[in-house]
Amino acid sequence: SILLACGDETMLIDGGPVEEGQFLVSRLNRLDVTGLTYVINTHPDEDHCGGLAAVLAKYPAEHVYSSVTEYTTKVFSNVVKYADEQGHPVEVPQTGDSWTLGSASVQVIGPVQTYSDPNNGSLVLRVDYGGTSFLFTGDMEQNAEADLMDSGANVRADVLKVGHHGSPTSSSEAFLEAVAPSIAVISVGEDNDYGHPAEQTLTNLTLAGVRDIRMTAESGTVALPLIAYKENAV
């Protein structure tokens, strides 16, 4: 889960799994969050949408965006339910849509195609604040990375939230070379069953010249300008 705050506006990207929903609420309380301008669910997998139901049950949200409005799980249906109860039904933003977050700008740059795999259908967000840029990729995998680059989208960013928890199915050498981040953040659970992050992903980041790689499994919350970041997913 990622929280961005700029001025008086806030944007929460994903929410971790169901069992961490109350932790996320308590964390937001500690950060003095009283409402959310935007809630983004990059895709409906449980480890990304699960905690959002608890958040939406507690905090008013002005906009709730997701890659889909319907999915086969009760977990995602609960997110839809609480959004509906607030009077802000889940919307699917279109690639190219943009909005402001305080003095920062947010643009949806992906997905650029329709995919059957929810991971590749992840919403991809670019955030620019002054001269600093951030790229949030959800669980986008390498074929969607290639399609995004082929589309001509501006993927160059100073800070990259590494795709799919550092899985070897994401973060191709070509994509990381195009992004050329100074900082890479890997959202990954400690001692997870998937072996994330993959050694190949870490190698690809090093080959791309990334010298500052931060993993939530090692440091818990990762704080960067504009960002308070906590990972509970694997």
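The values are calculated or read from the model by the stated rules, or taken from the named source; none is laboratory data. Quick caveat: nothing in here was measured; it's all calculated off a predicted structure. All Cβ positions, glycine included, derive from the backbone under ideal geometry; neighbour counts span all protein chains shown. Remember, those area values only see protein heavy atoms, side chains included, never the ligands or the DNA or RNA. Shrake-Rupley method; radii C 1.70, N 1.55, O 1.52, S 1.80 Å.
Of all residue pairs spaced 6 or more apart or on separate chains, none has beta-carbon atoms under 9 Å together with a first member in the stretch 196-211 that is in contact (Cβ under 8 Å) with a residue 60 or more places away in the chain and a second member that is assigned to a helix (DSSP H, G or I) and surrounded by fewer than 19 Cβ atoms within 10 Å (Cβ to Cβ). When 146, 174, 180 are screened for being hydrophobic (A, V, I, L, M, F, W, C), under 27 Å from residue 6 (Cα atoms) and surrounded by fewer than 24 Cβ atoms within 10 Å (Cβ to Cβ), only 180 passes.
Condition test on residue 79, is it in a helix (DSSP H, G or I), of a type in the set (A, V, I, L, M) and closer than 25 Å to residue 60 by Cα? Yes: the conditions hold for residue 79.
Taking into account only those residues within the stretch 129-143 that are open to solvent by less than 50 Å² (accessible area, probe 1.4 Å) and assigned to a strand (DSSP E or B), which is farthest from residue 69 (Cα to Cα)? Working first, answer last.
Our first condition is that a residue be open to solvent by less than 50 Å² (accessible area, probe 1.4 Å); within the stretch 129-143, this holds for 133-141.
If we keep only those that are assigned to a strand (DSSP E or B) too, we end up with 133-136.
On the way: 133: 28, 134: 26, 135: 23, 136: 20 Å.
Among residues in the stretch 129-143 that are open to solvent by less than 50 Å² (accessible area, probe 1.4 Å) and assigned to a strand (DSSP E or B), the one farthest from residue 69 (Cα to Cα) is 133.
Which of the residues belonging to the stretch 121-138 are over 17 Å from residue 94 (Cβ atoms) and out of contact with any strand residue (DSSP E or B) (no Cβ under 6 Å at 6 or more places or on another chain)? Answer for the stretch 121-138, where residues must be over 17 Å from residue 94 (Cβ atoms) and out of contact with any strand residue (DSSP E or B) (no Cβ under 6 Å at 6 or more places or on another chain): 130, 131, 132, 133.
For the stretch 98-114, filtering for residues that are open to solvent by 40 Å² or more (accessible area, probe 1.4 Å) and either modelled with pLDDT under 95 or part of a strand (DSSP E or B) (or both) leaves 5.
Go through the stretch 198-216 residue by residue and tally those that are under 14 Å from residue 172 (Cα atoms), outside any helix (DSSP H, G or I) and open to solvent by 10 Å² or more (accessible area, probe 1.4 Å). Within the stretch 198-216, residues that are under 14 Å from residue 172 (Cα atoms), outside any helix (DSSP H, G or I) and open to solvent by 10 Å² or more (accessible area, probe 1.4 Å) number 3. Please determine whether any residue of the stretch 153-161 is touching an Asp or Glu at 6+ places or on another chain (Cβ under 7 Å) and not in a helix (DSSP H, G or I). No; the residues of the stretch 153-161 include none that is touching an Asp or Glu at 6+ places or on another chain (Cβ under 7 Å) and not in a helix (DSSP H, G or I). Within the stretch 21-41, take every residue that is buried (at least 18 other Cβ atoms within 10 Å of the Cβ) and of a type in the set (S, T, N, Q) and give me the one that is nearest to residue 187 (Cα to Cα). Among them, the one singled out is 41. Counting only residues that are within 19 Å of residue 222 (Cβ to Cβ) and free of Cβ contacts under 8 Å to residues at least 60 places away in the same chain, the stretch 21-31 holds 3 of them.
The single residue among 55, 18, 75 that is in contact (Cβ under 8 Å) with a residue 40 or more places away in the chain, open to solvent by 50 Å² or more (accessible area, probe 1.4 Å), of a type in the set (Val, Ile, Thr) and within 30 Å of residue 192 (Cα to Cα) turns out to be 18.
Meeting the requirement of 2 or more residues that are polar (S, T, N, Q) and modelled with pLDDT of 95 or more, the strands (runs of 3 or more DSSP E) wholly within the stretch 1-66 are 36-41. Listed conditions (1) closer than 19 Å to residue 107 by Cβ; (2) in contact with a Phe, Trp or Tyr (Cβ under 8 Å, 6 or more places away or on another chain); (3) open to solvent by less than 30 Å² (accessible area, probe 1.4 Å); (4) not hydrophobic (A, V, I, L, M, F, W, C) are all met by residue 158, apart from (3). Of all residues assigned to the stretch 115-133, at least one qualifies as being in contact with a Lys or Arg (Cβ under 7 Å, 6 or more places away or on another chain) and either hydroxyl-bearing (Ser, Thr, Tyr) or at pLDDT below 95 (or both).
Within the stretch 112-131, if we keep just the residues that are among the polar types (S, T, N, Q) and in contact with a His (Cβ under 7 Å, 6 or more places away or on another chain), the residue that is farthest from residue 5 (Cα to Cα) turns out to be 119.
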